[in-house]
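Peer 1: I have a structure I would like to understand better, so I am pasting it below and will then ask my questions one at a time.
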Amino acid sequence: MGVFDFVRNGVREMMIARPDNLKHLIVFKHPDQNFPMYSQLTVDSDECAVFFKDGKVQGVLPPGRHTMQTQNLPFLNNLINNFTGGDVFISEIFFVKTAAVRSVPFGGPIGDMLDPLTGEQVIPRIFGEMSVVVTDPVRFIVGYSGQGSTGDNDFVLDWIKGLFMQGVKTTLGSLCEVEGKSLLQATSLTQKLAAAFVQQAPDLNEIGIRIAQVGAFNINFSEEDRQRLVEANAEIAKAQRAVRVKQIGISGAAADAQAKQFELDQKFQQDARYVQQLAGNYQNYAAGQALMGAGQGMAEHGVGGGVAGMGAQMAVGVGMGNMMSGAMQPQAQPNFAPGPSGPAPMAPPPGVVAGAPAGMKKKFCTECGSEMMVNAKFCAGCGAKVAQAE
């Protein structure tokens with residue numbers, strides 16, 4: 001061994017750090033257990049250094065550059081090798097990443113599942129990436145990874161990924177059921193599923209690690225399972241369309257009924273205003289409506305304009321006016337004043353109008369049956385023209 005080899009080896013012993021090509025590992029165990037006094041230990045900003053001796057934790061150093069001497073680090077007194085005169089420390093040093101380790105792959109078949117929407121039994125598969133973070137380096141080494149040499153993150157995280165996949169099956173089925181979605185439509189729930197996967201992830205606090213985030217993932221099926229889900233979803237969509245069409249028809253009928261009720265309410269309010277502001281009372285209003293109806297009846301039965309039509313309308317108007325005034329006048333009280341003695345007047349014979357000249361018969365409207373004056377040509381009740389007297 002030459003002088004340069006001696007110097008190079010001595011410098012290497014004085015500098016303790018994680019090699020650059022191994023900075024991606026969650027746990028890195030330094031290969032040398034003996035390091036001299038005043039050695040320089042460099043701990044990166046995303047890790048910490050854990051010291052073990054005789055299977056017990058002796059201390060933990062945070063990020064930074066540390067000079068290995070007992071004045072600065074009292075716990076090093078427990079690492080001194082007395083056989084070397086106190087100039088050499090003996091310890092196992094583990095570098096543990098405390099920052100999140102991203103792009104950790106996971107995936108595989110989830111197992112038999114019943115599709116929440118269609119009830120079809122399928123075997124979905126999921127593939128994606130997640131990130132994990134060590135929350136307690138000491139607990140992670142003691143309770144999970146151990147003090148053996150670990151050179152592969154997949155080996156360290158294999159058991160954790162298995163626990164995560166067990167939670168994925170339950171979370172996927174529950175969320176699709178709540179959202180009313182088929183497993184085939186789970187891609188529309190990507191963000192909700194990612195958050196639910198983290199929330200429902202197994203509790204790994206006892207081993208000092210947790211699943212921090214779920215990145216991009218994909219859920220797929222075999223061609224046979226996918227075809228069955230597509231057909232079942234098509235049948236359900238068809239049934240839902242029929243239900244929506246029926247609901248639209250019912251809502252349309254309800255809207256028509258509501259519009260009709262609104263029209264009736266408006267008519268009622270309008271009639272109420274007319275009664276209060278124009279007619280004064282309902283009897284006058286009803287008589288006015290009858291008069292307008294009589295005019296409409298004459299128009300429908302051919303009593304139009306001209307002198308004859310005007311005369312007919314005037315006759316109806318006068319007749320209805322007399323009826324209205326008679327209806328509004330108080331009823332005449334019977335006169336009990338004593339009259340001339342003598343026999344009571346005899347009732348007119350059948351078919352003869354009371355008070356009419358002898359031999360005059362009654363006359364009735366052929367349209368509505370109302371009694372008329374013998375010489376009347378139009379009915380005062382409906383306005384119809386009467387051809388001849390009975």
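Peer 1: Could you list which residues have their amide H under 5 Å from that of residue 135, counting only those 5 or more apart in sequence or on another chain, with H placed in the peptide plane?
Peer 2: Long-range HN contacts for residue 135: 209, 210.
Peer 1: Assuming 0.692 mPa s and 37 °C, estimate D for the range 101-221 with Stokes-Einstein, Rh taken as the Kirkwood radius over Cα pairs, in µm²/s.
Peer 2: Rounded, D is 216 µm²/s.
Peer 1: In terms of modelled amide H atoms, which long-range or inter-chain residues lie less than 5 Å from the amide H of residue 70?
Peer 2: Those lying under 5 Å, H to H, from residue 70: there are none.
Peer 1: So, one more: Can you list residues whose amide H is under 5 Å from residue 98's amide H, if they're 5+ apart or on another chain and H is modeled 1.01 Å from N?
Peer 2: For residue 98, whose amide H was placed from the backbone, the distant partners under 5 Å are 47, 48.
Peer 1: Now a separate question. Take the Cβ-Cβ distance between residue 240 and residue 266 as r, set R0 to 45 Å, and report the resulting FRET efficiency rounded to the nearest 0.05.
Peer 2: 0.70
Peer 1: Could you derive backbone 3J(HN,Hα) for the range 227-239 from the dihedral phi with the Karplus parameters 6.51, -1.76 and 1.60 (θ = phi - 60°), listing whole Hz in sequence and x where the residue is Gly or Pro?
Peer 2: 3J(HN,Hα) across the range 227-239, in whole Hz: 5, 5, 5, 4, 5, 5, 5, 5, 5, 5, 4, 5, 5.
Peer 1: Count charges around residue 121 for me, please; just the other residues with Cβ under 12 Å from its Cβ, Lys/Arg as +1, Asp/Glu as -1.
Peer 2: Residues near residue 121 contribute -4 overall.
Peer 1: How much length is gained on full extension from residue 112 to residue 127, taking 0.36 nm per residue of separation minus their Cα-Cα distance?
Peer 2: Length gained between residue 112 and residue 127: 3.8 nm.
Peer 1: For the range 90-97, just list the computed ³J(HN,Hα) in residue order, Karplus coefficients 6.51, -1.76 and 1.60, θ = phi - 60°, integers in Hz, with x standing in for Gly and Pro.
Peer 2: Per residue, the Karplus-derived 3J(HN,Hα) values read 10, 6, 8, 10, 10, 9, 10, 6 Hz.
Peer 1: Here's a follow-up. Could you go through the range 127-144 in sequence order and give the Karplus-derived ³J(HN,Hα) for each residue, using 6.51 cos²θ - 1.76 cosθ + 1.60 with θ = phi - 60°, rounded to whole Hz, and x for Gly and Pro?
Peer 2: 9, x, 10, 9, 10, 10, 9, 7, 9, 9, x, 5, 5, 5, 6, 6, x, 9
Peer 1: Compute the label zone of residue 103 within the range 123-162: residues whose backbone N is under 16 Å from the point 7 Å along Cα-to-Cβ.
Peer 2: Zone members listed by number: 128-132, 153-154.
Peer 1: Something else: At 7 Å along the Cα-to-beta-carbon direction for both residue 44 and residue 174, put a label point, then send me their distance in nm to one decimal.
Peer 2: It is 3.6 nm.
None of the figures in this text is laboratory data; all of them are computed from the coordinates on show. Remember, it's a predicted structure, so these values are computed and weren't measured experimentally. Here Cβ is always computed from backbone atoms with ideal geometry, including for glycine, and neighbour counts include all displayed protein chains.
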